[in-house]
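Comments concern the structure below.
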Amino acid sequence: MNKTATTLMLLAALLASTSAAADTLLRLRMIRTSPEAGSGPVYEMDVNGSYSQDLDASWFITPQLLAELAVGTPQPLDLSLRDTALGRMHQIPLIGMLQYRYPAWRDVQGYVGVGFNYTVFTDRKLDGDLRLQRSSTGPVLQLGCDVLLHQAWTVNIDIKKTWIDSDLFDAQGFVTHLNIDPLMAGIGLGYHFR
C-alpha cells in the first residue's frame, strides 16, 4: 500500500477515535461506484465500476446542519478504449460535505448535501506506457437517509454524485482528458455518539 493510501486509512482511524468526543454520527458503508465516463479528444474510453467501503463521520453543528467527512478504501476501476483493456487503476476519494437533515417519516431522517471531493489515483501506470495524473478535485451532491434501528444504531442509505476527472499521458505527453464522474450508492450501519 502506498503512502497516500496509508495516510487516508490513518485519517479514517482518527475519525473513528475522535467520534466519542462530540455529537457525532459515525457510519460504515458498502459502496457501488458507477462511473459515467467520457473522454476527449480521444473518444470511446470507458471505465468499469466496482465495490468498495467507506467510513464517514458527521458532526452536528445544529440539529439540522452537519459537517461530514468521508474516506473510502481504494476503488478499483478498469479502463478500456473501444473494448480494449488499458489496465486497472485505483481511486481513493476524500469527501467533505455540508449536510442538511430533515424528518422524513417517523424514525427516518432524510438529508441532502453539497461539498467537494479530493481524489487520489494510485496504480496510475496503465498498459502501453499510459499513466494518469495524480489527483482530482470536484464538487459532490448528496441525497440519503438514516433509519433508526435501536437507540443510537441506524441503517444508512446514501447516494453521492461526484465529479472526478484526470488527464491521460503517454511517453510523448498528453493523450486525452478522462471524465470518470461516478454515482456512488451505498448502504451501511451508523452509530450516533452523543
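A compact table of results
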| quantity | calculated |
| --- | --- |
| Answer residue from the stretch 115-134, given it is of a type in the set (A, V, I, L, M) and not in a loop (DSSP other than H, G, I, E, B) and is nearest to the chain's Cα centre (by Cα) among those | 120 |
| Filtered residues of the stretch 137-194 (kept if among the aromatic types (Phe, Trp, Tyr), modelled with pLDDT of 95 or more, part of a strand (DSSP E or B) and surrounded by 14 or more Cβ atoms within 10 Å (Cβ to Cβ)) | 191 |
| Any hit, the stretch 97-114, residues being assigned to a strand (DSSP E or B), closer than 26 Å to residue 174 by Cβ, at pLDDT 90 or above and not small (Gly, Ala, Ser) | no |
| Test result for residue 88, without any contact (Cβ under 8 Å) to a residue 60 or more places away in the chain, farther than 30 Å from residue 38 by Cβ, assigned to a strand (DSSP E or B) and among the charged types (D, E, K, R) | no |
| Residue list for the stretch 95-119, filter: open to solvent by 40 Å² or more (accessible area, probe 1.4 Å) and in contact with a Phe, Trp or Tyr (Cβ under 8 Å, 6 or more places away or on another chain) | 100, 102, 109, 112 |
| Single match in 52, 39, 80 (criterion: closer than 21 Å to residue 139 by Cα, polar (S, T, N, Q) and more than 16 Å from the chain's Cα centre (by Cα)) | 39 |
| Lone unmet requirement of (1) surrounded by fewer than 21 Cβ atoms within 10 Å (Cβ to Cβ); (2) more than 20 Å from residue 135 (Cα to Cα); (3) touching a strand residue (DSSP E or B) at 6+ places or on another chain (Cβ under 6 Å) for residue 46 | (2) |
| Residue check, residue 32 charged (D, E, K, R), closer than 23 Å to residue 189 by Cβ, open to solvent by 60 Å² or more (accessible area, probe 1.4 Å) and under 22 Å from the mean Cα position of the chain (by Cα) | yes |
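The values are calculated or read from the model by the stated rules, or taken from the named source; none is laboratory data. A quick note: this is a predicted structure, and the numbers were derived from the prediction, not measured. When we count neighbours, we look across all protein chains shown, and the Cβ atoms used for this are built from the backbone with ideal geometry, even at glycine. With ligands, DNA and RNA removed, areas are computed over all heavy atoms of the protein, side chains included. Shrake-Rupley method; radii C 1.70, N 1.55, O 1.52, S 1.80 Å.
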